[in-house]
Amino acid sequence: MNAEVRTMGFPGRYIQGPEALSQLPQLLVELGARHTALLADATVRGALGARIDAALAASPPGPRLTATWLDFPGECSARTILTFAERVNACDTVVALGGGKSIDTGKGIARHLGARLIIVPTIASNDSPTSRLIVLYDDGHRVAGVELLARNPDVVLVDTAVIAQAPARFFAAGMGDALSKKFEAQQCHLAGGRNFYGTRSLPTARLMADRCYDTIREFGEAALRQVAKQRRPDHAVERVVEATVLLSGVGFESGGLSLAHALVRGFSAHPVLGRFLHGEVVAFGTLVQLVAEGRPSAESAEHAAFTQRLGLPTSFSWFGIERVGAAELDEMARITCTAPYIAHLQPAIDAAGVRSALEAAHRIGSHFGA
Ligand SMILES: [Zn+2]
């Protein structure tokens, strides 16, 4: 390892387990909160709001805590963040509940106010909870930019009883987003790429990305069955949530990304693929990356078989696309190559290379169901 500055970041605290949400009042006390903004959409507030209000009303003795609920409108935009930040400008703490976009909006409000931040993911569909990244969208639901918090969230509070109640599709998508991290961190490292702190990665980040992959390989199928059938956490679910929320999040932010996530840009611009979950397109993108790395096709096929067992895509057919035209492939490849992580691949790849990897991955993956 060359002697140079390397950076790694973590959330201030990570708490996970069934009924972990009951710790919220005590956490607010520890953080010195006096005025808290709670952000959630109508569904999440309907499921958890009364419980949280009751817990806050019965909170430990000390200075009185006031809480203001904000109704997340469904999209994370600069305008929504500004409107909310002005409405709760006396708040010293933000609690963001929900999926990736609600979480990112909460991050944006906390950034604007310089407030403390508690993230409560209610689905485990992607790697946003632990990171500093805020992905902003415009009114047409297109990615408009990425902003960064000054520091990672103060607390990530993951109630696995809540996560296990969400549709299994979200749980599977989280694994799709997480399985790529081992390969992306490796490639970013080999190509001399930078992580999200602007430095090369420490071996610890790659260790966490490797562990993320191994954990899902070991527990992924059992955890998915448990969530789909029992809808409550067991040991396998706990292990997989740790992988998809903590290891995947720290793995990408400190380990860096590569082709699988560069492809998200190309896939998102496609009229059909753009409607699927982030983790679903990343799952197919990972197979494309393995092909582009020049791994033996038996290895790519083995990965595709596992991906398929998690109910995740291994070809365009899974998305309902039977034939992809040459012009569509060219456009996906061209847009993919505008992502900065495209440079984090060895051997280096251009649009023609991305296109042929897309075709080869689709061919290999087509053997594993639709
Ligand atoms: Zn991702």
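The values are calculated or read from the model by the stated rules, or taken from the named source; none is laboratory data. What you see is a predicted model, and the numbers here were worked out from it, not measured in a lab. Positions of Cβ are generated from backbone atoms using ideal geometry, with glycine treated the same way; all protein chains shown enter the neighbour counts. To get the accessible areas, we keep the full protein, side chains included, count just its heavy atoms, and leave off ligands, DNA and RNA. Shrake-Rupley method; radii C 1.70, N 1.55, O 1.52, S 1.80 Å.
Restricted to the stretch 103-131, and to residues that are within 16 Å of the ligand (Cβ to nearest atom) and polar (S, T, N, Q), which residue is modelled with the lowest pLDDT?
Per the criteria, the residue is N126.
For residues that are under 14 Å from the mean Cα position of the chain (by Cα) and either assigned to a helix (DSSP H, G or I) or within 10 Å of the ligand (Cβ to nearest atom) (or both), tally how many sit in the stretch 277-292.
Residues that pass the stated criteria total 6.
Quick one: count up the residues across the stretch 232-276 that are closer than 29 Å to V155 by Cβ, in contact (Cβ under 8 Å) with a residue 40 or more places away in the chain and not in a helix (DSSP H, G or I).
Counting residues in the stretch 232-276 that are closer than 29 Å to V155 by Cβ, in contact (Cβ under 8 Å) with a residue 40 or more places away in the chain and not in a helix (DSSP H, G or I) gives 4.
How many of the residues making up the stretch 1-13 are closer than 14 Å to D154 by Cα and either in contact with a Ser or Thr (Cβ under 7 Å, 6 or more places away or on another chain) or open to solvent by 80 Å² or more (accessible area, probe 1.4 Å) (or both)?
Residues flagged as closer than 14 Å to D154 by Cα and either in contact with a Ser or Thr (Cβ under 7 Å, 6 or more places away or on another chain) or open to solvent by 80 Å² or more (accessible area, probe 1.4 Å) (or both) within the stretch 1-13 amount to 4.
Quick check on my filter: what residues within the stretch 172-217 are within 14 Å of the ligand (Cβ to nearest atom), touching a Gly at 6+ places or on another chain (Cβ under 8 Å), closer than 16 Å to L290 by Cα and not small (G, A, S)?
If the condition is that a residue be within 14 Å of the ligand (Cβ to nearest atom), touching a Gly at 6+ places or on another chain (Cβ under 8 Å), closer than 16 Å to L290 by Cα and not small (G, A, S), then D177, K181, K182, E184, C188 are the ones that fit.
Of the residues in the stretch 270-294, how many are open to solvent by 30 Å² or more (accessible area, probe 1.4 Å) and more than 14 Å from L358 (Cα to Cα)?
Within the stretch 270-294, residues that are open to solvent by 30 Å² or more (accessible area, probe 1.4 Å) and more than 14 Å from L358 (Cα to Cα) number 7.
Filtering the stretch 148-186 down to residues that are polar (S, T, N, Q) and out of contact with any helix residue (DSSP H, G or I) (no Cβ under 7 Å at 6 or more places or on another chain), which residue is least open to solvent (accessible area, probe 1.4 Å)?
Taking the candidates together, the pick is N152.
In the stretch 67-95, which residues are of a type outside the set (D, E) and within 22 Å of P25 (Cβ to Cβ)?
A67, T68, W69, L70, F72, V88, A90, C91, T93, V94, V95
Restricting attention to the stretch 52-76, report how many residues are outside any loop (DSSP other than H, G, I, E, B) and in contact with a helix residue (DSSP H, G or I) (Cβ under 7 Å, 6 or more places away or on another chain).
Of the residues in the stretch 52-76, 7 are outside any loop (DSSP other than H, G, I, E, B) and in contact with a helix residue (DSSP H, G or I) (Cβ under 7 Å, 6 or more places away or on another chain).
Residues that are out of contact with any Lys or Arg (no Cβ under 6 Å at 6 or more places or on another chain) and among the hydroxyl-bearing types (S, T, Y): list the helices (runs of 4 or more DSSP H) wholly contained in the stretch 77-168 that include at least 2 such residues.
78-87, 100-113
For residues that are of a type in the set (F, W, Y) and open to solvent by less than 30 Å² (accessible area, probe 1.4 Å), tally how many sit in the stretch 318-332.
Of the residues in the stretch 318-332, 1 are of a type in the set (F, W, Y) and open to solvent by less than 30 Å² (accessible area, probe 1.4 Å).
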